[in-house]
Amino acid sequence: MTTSSLPRLGTLAVGGILAVTLPFWVGDFYQLHLAALIGVYWVLIAGLNLVVGYTGQLSIGHVGLLSIGSYAFAILVGRYGVDPLLTLALAGGLGGLCGFLLGLPSLRLPGFYFAMATMAFALIMAELSLAQGGLTGGGAGLPVPGFEAPFDTPTGFYWLVLLVAALITWMTWNVARLMWGRGLIALRDSEVAAAAVGVPIFRLKLTVFTFSGVTAGIGGALFASLQSYITPETFVFELGLFFFVCIIIGGRGSILGPFVGTVVLTALPEMVAPLAKLGNFFYGLLLLAVVLVVPEGIGHVIKSVMARLQKKGPEPKGLQPDIGRLAAAVRRGMEQDMQRDIQRGHAS
Amino acid sequence: MHMGTVNRPNQILLDVADLHVAYGKAEVVHGASFRVHGGEFVVLLGRNGAGKSTMLHAISGLIPKKAGRVTMAGAEIGAATPRDIVRSGVVQVLEGHRVFGGLSVEDNLLLGTYARASRGDRSKLDRIYALFPELAERRTQQASRLSGGQQQILAVGQGVIGDPRLLILDEPSGGLAPIVIDRILDVASDLCKGGMAILLVEQLVEKALRHADYCYLTETGRIVGAGTPSEIQSSDLLQRVYLGGAH
Amino acid sequence: MSTLVADTVSKRFGGVTALSNVSLELREGEIHGLIGPNGSGKTTLLNLLTGYYQVDEGDIRLDGEPLARSPVQQRPRVGIARTFQKPRLLGSLSVLDNAMLGGWCETRAGFLETALALPRARREERALRDRAEELLHGVGLGYAIHRRASLLDHAEQRFLEIARGLVMRARFILLDEPAGGLTEGEIEHLASIVTALRDAGIGVLLVEHHTDFVFSVCDRVTTLNLGRMIKHATPAEVRSDPEVIRVYLGA
Amino acid sequence: MLTVLVSGLAIGALYAATGLAYNIMFSTSKVLSVTTGHICMLGGVFGAYFMLDLGLPAPVALVGAVLVGAAFGLLTEVIAIRRVLARSDEHLWLLSTLALATMVQQAVGLWWGTEPRPFPRLADQDFTAGVLDQKYWLPIAAVVAMALGLEFFYRRTMYGKVFQAVSEDAFAARARGIATDRTRALSFAIAGALGGLAGFAAGQLTFAFFALGLTLTLYGFIALAVGGLGSNVGALVGGVALGLFQTLATYLFGGEYQQTIAVGLLMVVLLVKPEGLFGSKKVRPV
Amino acid sequence: DTTPVKIGWLSSLTGPLSSAAVAENQGVKFAVDEINKAGGIDGRKIELITRDTAGDPTKAVNFAQQLVLSEKVDFVIGPVNSGESLATVPILARAGVPNIIIGTVDELTDPQKYPRAFRAIATNEQWIGSANDYAIKTLKRSKVAIIGDTTGYGTSSAKKAEALLADAGIKPVYSVLIDANKTDLTDEMTKARAAGADVVMPWSAATGLLARVLNARGNMQWDVPVVGHPAIMGLPIKDLLNKPEYWEQTYAAGYSSTTYGADGKLPGPTTALMDKMRPEFGGTINFTFWWVTLGYDTVKIIEHAVKTAGSTDKAAVQKALENTQSLKGTYADYSWGPKQRNGFPDSGIVINKANTFKDGSFEAAPH
Ligand SMILES: Nc1ncnc2c1ncn2[C@@H]1O[C@H](COP(=O)(O)OP(=O)(O)OP(=O)(O)O)[C@@H](O)[C@H]1O
Ligand SMILES: Nc1ncnc2c1ncn2[C@@H]1O[C@H](COP(=O)(O)OP(=O)(O)OP(=O)(O)O)[C@@H](O)[C@H]1O
Ligand SMILES: [Mg+2]
Ligand SMILES: [Mg+2]
């Protein structure tokens, strides 16, 4: 919601070029695989970030929506031979629909209730995928086909993921910086204030939650393809927790922060074997440390470091109304209002 | 800087010496010293943000002090817990009608006696109800359902029922009807006559001074003047403090 | 002329009758004071006008259109803004963003339009930003536009809430104890702002215990006691009314 | 069929106990701790550890389990709650308790093993007693004792009100001479002790199993939400209702949709009565 | 050529169901050490690269990618659990790396799709089939109650069991899936009895569930045999039983390699390995020893493959394994063929009596 500055654009450009050219300079294909996995996770997390980081709705069960996208992709492409790219879109649509249906009752619930409802949803999805063996292969799971050329190689798949991730990131960035972002943060910080300015609370929550369902569905399809085989055990509850933790550690109300969180939390345990052994203990410890030490998250730390770099002098104080300006602005507003009414009157 | 050398009758009850308080790195009270004598009605005046509430919170042990001595009836309470400070007879009514919204009016009042009687002292209720009849009418009502002003009255009642030796009132007039402000200040005066010392922070300077025995002026975390109400009113210090730049 | 009317409204909470048969007409281009003892129902009336509570009896009308059943979120759409006894702001956002939030109802761009940053979304954003900046300078917060709202002091928060209501293009703005905790100087600023709003044609409802302020700026004053209206007249008449003096002003 | 009812009652008692523990912690902090189920898990695991690995007699082990529970409750408050509440950001406590719960579960898994381990008999009774078996009535008795004890505690002291005052406005409570940190720690310790007791009493039913915690956290919460947050009667009724409902559903339709059914129950109740069966409505908004 | 032979070992050393993996790991490590001490395979040392997947399929996929793409291993052993194996097998197949399979799920092998995946362990079908055979032919029972759990493995095994029974013309009188952590099974067992079951067949790897089946049976004083998953013989079960005698009349598929003969002795190779490894276990063996033999054999199979192929060339290794007949191992004798990827012989399975656990091995069930 702040104006972009030149250094910021520069960083963005360098980051973009690095990301696009990654396959050419990365050490080996394993690292490319990791990069693709990060991208896939990010597709989901970027959408979830609007729900958790901006709207303050603590969904810890997005893994359930992820599994829907995954199974949809595996079944449609694997069994019915639907075009993978088309299925990617279909998976997004299905994820959105399920997000909508899940949100419809649960978004009315207050904080912790909602978190528990999403957790229960993840468990229910696991139950269903086991019980509906005819569709999902039950416990044995399903093989997942890859994409067609040019996305059938690790490099091609990586670029596909990158494209989708970039698109979704851009969309969430737009949402966050424009009017909707304010509305979402208003829901998070003060529902009373939100209602007072006319923000339709439930509709907003439902909209972003549905959007996060779409990204989860798309992410799920990509995830399944990357995994090449899915079983109910792929979609453990801890994975949902992981998404959530990425956002919190990254920092609420920021896009860069959760992205950094996703990268670090995905890559670190793979790179540092002892951490992998500790598994969830490590995530727990990290989460606790962040909550206690930097509750605003990595994103906030980055921001405040930047702010310190471009520090200005002491801030001025002292209310001094400018009545002339005020009256002029109010009058102008009223006139525009009247014109609008008149126009609307003509139209109707 | 003290103007008057007026005779302040009784023994020193509360003695604050060279108090410094900081929020994080920012110090907002820079060495304030003042005294309240037994049975005295003292008013602390100063503009918004001068640090009055901060001083009071520090006295009550609600926020840490950076430096300075606070004694109550000769006993050092600078490092004591809020609980011990309340037990030593200092009770503060916070600004901004802070009551326990989920509890009933009566339970709120009983909590005012908790520090001294851990099972609640019902015997004092009637006196409060007599002082504040609007509370009597609503004794079983949830405090959060009271209007803002009614909550403020309840907060004052909660302080009074604790039967302190020193009652600290931080802007009790906030959100009150003019007539109720007068009543509350009268009640404070009466309590004072009954032997309870009062330390009042107030924006309504004239009303406050009408009841006060002694007055301190604060500015940006310092005490910049003191004296009896008439001394204060006859000097131009008051004007300067409220218009800024009294140094 | 545009009016916001409470027509013989009553409101009960369990056994307590907070309001009974109270009527009030707020006209555009007028400052209307609402005073009364604590618990006399002022905030309740304000809550009825802004939709936080539903009326038990009577009606709320805007320009003759019934409004009583429309929800809170609907009021800003028809031009009714309010401020709170305790300011409700978004501490993590800048002052400008807080003010711009007031423009929610005017923003036509939907979610997808915004996500794809289509021209209309960007255009609306620019227009709103300009307008909010003007109004912030107008209420005197120009120096703090990019500050986090959580860093504002009490008075600044109050003024920001008013600016937010103005960004909303409110035709009526209802202020709940706006002078509470303000210094004399700040109250003067407040008075000049409120007067400017009236002169620009906005209707202002002022719920306030700071009687000097009320009597100096209001065009008309309504007094409540125990949920009933006891006096409705000019400031001078209300001020000298024996009943008002008895229950509210004191000697 | 009788065994179905009794075993439903027994597991429901455990849910109810978890719900009570939630309530106690909630009453001073407005925090719904994710560690609540883990407290019961620790009661079971440590009870088994004391008796089987250390060879202590049952009463000593009971005291030990209760103490471990209380210590963990205390730890939760000190580590995950105190600082977080001081910062007063809405939901940070959810994260900190989640973190602690994850760590505890993983640590117990590493130390105790991820397989369920046995919990010894407490009373001398043959295993053929059917519905009269101790594994059923011990948890039921424990939760009844807990409820009575709590009721007595709240009735005879002002703690109920003090707890609530602390949860609503800790700063103002301190101004009234309430030692808020200590009070909150006390409530967490009590919740921990009672949770430890419940986990111990249900040990034969659940075995000493590291992953019990998260399940109980969920079902205990559902029980509480159904019964009404903040109400102890609600926790009891909700727990028993959920236990019976679940066991009956499994009995009639098999276990494939166990969670779906439990959550379905919750959703229905919340949609009809958002504050739960015995909960109280929200207070004045502005 | 002295470059090391790189073996990737995807093990779930932590997390739920880690006990099998830990035992297998001992066998694997022992075999590697033994071969390396003896100079390696044709002079090439073995380099073992172990990755702990904690049973999580996503981690398993990552590590599988890492092993083949970064570490460029010559072989992969594992993973242990079916869920993770299902996910890694196609990846390893795509990379063309020979994979020694130690999961039992039938879908893991397929000569067309996964030509280089060779299974060493018995299949689920072999386990279930021989248990069914035992219940029907030896015990002469026909009214079967099947109990599965709601995990992936439990559901698919229960389904398989039903299918195999159907082939034998038997429809179970009672069949149910239960949450693996359900606290009490009295009602399910009561229902099974009411349905007239004369044998109970639990297909679940969850220790708690299996113990509760036996406890419920004992508490009800129901005299019915239980024939089921090998986990029901494991030592952890013993501790969870209300009474030791509840373990009577309980049978499961075991292996001839870890079954005491009529003379009270274990087969020669097993005894030999046990004696060699005993110092590592410090005397008695308190886990099912066949996990160790399996782990040991996986490395020996690789040794055989490299020796036969004369290199670690992947195609040559595939050829070598495809032409392996009756390779003598400790756990079993293995034969694979061009169309056969399951190397474990039917004859290697013996039904064991659960409560005869001694030194990690069992007695044969009565005939
Ligand atoms: N919790 C806090 N953290 C940081 N700074 C604070 C905090 N509370 C108050 N301050 C700052 O300390 C200074 C003194 O505030 P204080 O509330 O003590 O003033 P006051 O004299 O009581 O004013 P008022 O009349 O508005 O109540 C102010 O500048 C205020 O911004
Ligand atoms: N939600 C509620 N539930 C129960 N009673 C309520 C509720 N809201 C208001 N009341 C009661 O209605 C009466 C009027 O309250 P209201 O807040 O309107 O008073 P007010 O005039 O704004 O007073 P103040 O000047 O003190 O703010 C009070 O007696 C109050 O206790
Ligand atoms: Mg103050
Ligand atoms: Mg009010």
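The values are calculated or read from the model by the stated rules, or taken from the named source; none is laboratory data. This one's a predicted model, so the numbers in the text were calculated from it and none came from an experiment. Methodologically, a virtual Cβ is constructed for each residue, glycine included, from the backbone with ideal geometry; neighbour enumeration extends over all protein chains shown.
Within segment A:78-91, can one find any residue that is polar (S, T, N, Q) and within 11 Å of another protein chain (Cβ to nearest Cβ)?
No, that holds for no residue.
Yes or no, residue by residue, for (1) within 23 Å of D:Phe253 (Cα to Cα); (2) surrounded by fewer than 20 Cβ atoms within 10 Å (Cβ to Cβ); (3) of a type in the set (Val, Ile, Thr):
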| site | (1), (2), (3) |
| --- | --- |
| A:Gly78 | no, yes, no |
| A:Gly103 | no, no, no |
| A:Ala115 | no, no, no |
| A:Thr118 | no, no, yes |
| A:Leu130 | yes, no, no |
| A:Leu135 | yes, yes, no |
| A:Gly138 | yes, no, no |
Of the candidates A:Phe73, A:Phe100, the one satisfying the condition of being at pLDDT 95 or above, under 30 Å from E:Arg94 (Cα atoms) and more than 14 Å from chain E (Cβ to nearest Cβ) is A:Phe73
When the residues of segment E:59-92 are filtered to those that are under 13 Å from A:Gly141 (Cβ atoms) and out of contact with any Gly (no Cβ under 7 Å at 6 or more places or on another chain), which remaining residue is surrounded by the fewest Cβ atoms within 10 Å (Cβ to Cβ)?
E:Pro90
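Would you point out which residue out of B:Ala155, B:Ala136 is more than 8 Å from every other protein chain (Cβ to nearest Cβ), closer than 23 Å to B:Ala212 by Cβ and in a helix (DSSP H, G or I)?
Among B:Ala155, B:Ala136, only B:Ala155 is more than 8 Å from every other protein chain (Cβ to nearest Cβ), closer than 23 Å to B:Ala212 by Cβ and in a helix (DSSP H, G or I).
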Of everything in segment A:72-92 that's in a helix (DSSP H, G or I) and of a type outside the set (A, V, I, L, M), which residue is nearest to the chain's Cα centre (by Cα)?
A:Gly92
Looking at segment C:100-114, is at least one residue without any contact (Cβ under 8 Å) to a residue 12 or more places away in the chain, within 9 Å of chain A (Cβ to nearest Cβ) and crowded, with 24+ Cβ neighbours inside 10 Å?
yes
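Say whether the condition of being outside any helix (DSSP H, G or I) and within 14 Å of chain B (Cβ to nearest Cβ) is met by at least one residue in segment D:205-212.
no
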Restricting to segment C:146-200, and then to whatever is β-branched (Val, Ile, Thr) and without any contact (Cβ under 8 Å) to a residue 60 or more places away in the chain, can you tell me which residue is nearest to ligand 2 (Cβ to nearest atom)?
C:Ile187
Within segment A:45-55, identify whether any single residue is in a loop (DSSP other than H, G, I, E, B), under 17 Å from the mean Cα position of the chain (by Cα) and not hydrophobic (A, V, I, L, M, F, W, C), and answer yes or no.
yes
If you go through B:Ala73, B:Ala32, the only one that is away from every other protein chain (no Cβ under 14 Å) and within 16 Å of ligand 3 (Cβ to nearest atom) is B:Ala32
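Filter segment E:176-189 for residues that are more than 7 Å from chain D (Cβ to nearest Cβ) and under 24 Å from the mean Cα position of the chain (by Cα) and give the result. Let's see the steps before the verdict.
Filtering segment E:176-189 for residues more than 7 Å from chain D (Cβ to nearest Cβ) gives E:180, E:185, E:188-189.
Matches in segment E:176-189: E:Ala180 only.
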Between E:Asp133, E:Asp167, E:Asp149, which is of a type outside the set (A, V, I, L, M, F, W, C) and over 26 Å from A:Thr136 (Cβ atoms)?
E:Asp133
Might you check whether a residue that is more than 24 Å from C:Leu118 (Cα to Cα), away from every other protein chain (no Cβ under 13 Å) and more than 19 Å from the chain's Cα centre (by Cα) occurs anywhere in segment A:105-115?
no
Residues in segment B:148-161 that are in contact with a helix residue (DSSP H, G or I) (Cβ under 8 Å, 6 or more places away or on another chain) and either within 16 Å of ligand 1 (Cβ to nearest atom) or more than 17 Å from B:Glu95 (Cβ to Cβ) (or both) total 1
Enumerate the helices (runs of 4 or more DSSP H) found wholly within segment D:50-169, keeping only those where 3 or more residues are β-branched (Val, Ile, Thr).
D:58-75, D:92-112, D:134-156
Checked segment D:132-181 for anything of a type in the set (Asp, Glu), over 22 Å from B:Val160 (Cβ atoms) and facing another protein chain (nearest Cβ under 8 Å); matches are D:Asp133
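Counting only residues that are free of Cβ contacts under 8 Å to residues at least 12 places away in the same chain, give me the strands (runs of 3 or more DSSP E) lying completely in segment B:19-101 with at least 1 of them. I'd like the intermediate steps shown before the answer.
On the way: elements: B:26-37, B:41-46, B:67-72, B:90-93.
Correct list: B:26-37.
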Out of C:Glu188, C:Glu156, C:Glu161, sole residue that is within 16 Å of ligand 3 (Cβ to nearest atom) and part of a helix (DSSP H, G or I):
C:Glu156
Given (1) away from chain E (no Cβ under 14 Å); (2) more than 20 Å from A:Ala221 (Cβ to Cβ), index of the condition A:Leu160 fails:
(2)
When segment A:7-66 is examined, which residues are found to be without any contact (Cβ under 8 Å) to a residue 12 or more places away in the chain and touching a Phe, Trp or Tyr at 6+ places or on another chain (Cβ under 8 Å)?
none
Say we look at segment B:161-195 and pick out the residues that are in contact (Cβ under 8 Å) with a residue 40 or more places away in the chain and β-branched (Val, Ile, Thr); which of these is nearest to ligand 4 (Cβ to nearest atom)?
B:Val187
Filtering segment B:48-90 for residues that are modelled with pLDDT under 90, surrounded by fewer than 20 Cβ atoms within 10 Å (Cβ to Cβ) and within 13 Å of ligand 1 (Cβ to nearest atom) leaves a count of 2
Any hit, segment C:3-14, residues being within 14 Å of chain B (Cβ to nearest Cβ) and surrounded by 21 or more Cβ atoms within 10 Å (Cβ to Cβ):
yes
So, B:Gln203, is that one modelled with pLDDT of 90 or more, buried (at least 18 other Cβ atoms within 10 Å of the Cβ) and within 12 Å of chain C (Cβ to nearest Cβ) or not?
no
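Working carefully through the options A:Arg177, A:Arg182, A:Arg203, find the one that is basic (Lys, Arg), facing chain C (nearest Cβ under 10 Å) and closer than 22 Å to A:Leu102 by Cβ.
Among A:Arg177, A:Arg182, A:Arg203, only A:Arg203 is basic (Lys, Arg), facing chain C (nearest Cβ under 10 Å) and closer than 22 Å to A:Leu102 by Cβ.
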Segment D:85-125, residues that are among the hydroxyl-bearing types (Ser, Thr, Tyr) and more than 10 Å from chain A (Cβ to nearest Cβ)
D:Ser88, D:Thr114
Scan (1) of a type in the set (Val, Ile, Thr); (2) in contact with a helix residue (DSSP H, G or I) (Cβ under 7 Å, 6 or more places away or on another chain); (3) more than 16 Å from ligand 4 (Cβ to nearest atom) for the single condition C:Val207 breaks and write down its number.
(3)
Testing E:Val68 on (1) within 9 Å of chain A (Cβ to nearest Cβ); (2) part of a loop (DSSP other than H, G, I, E, B), one condition comes back false. Which one is that?
(2)
If a residue must be facing chain C (nearest Cβ under 8 Å) and either within 11 Å of ligand 2 (Cβ to nearest atom) or surrounded by 23 or more Cβ atoms within 10 Å (Cβ to Cβ) (or both), how many such residues does segment B:179-197 contain?
1
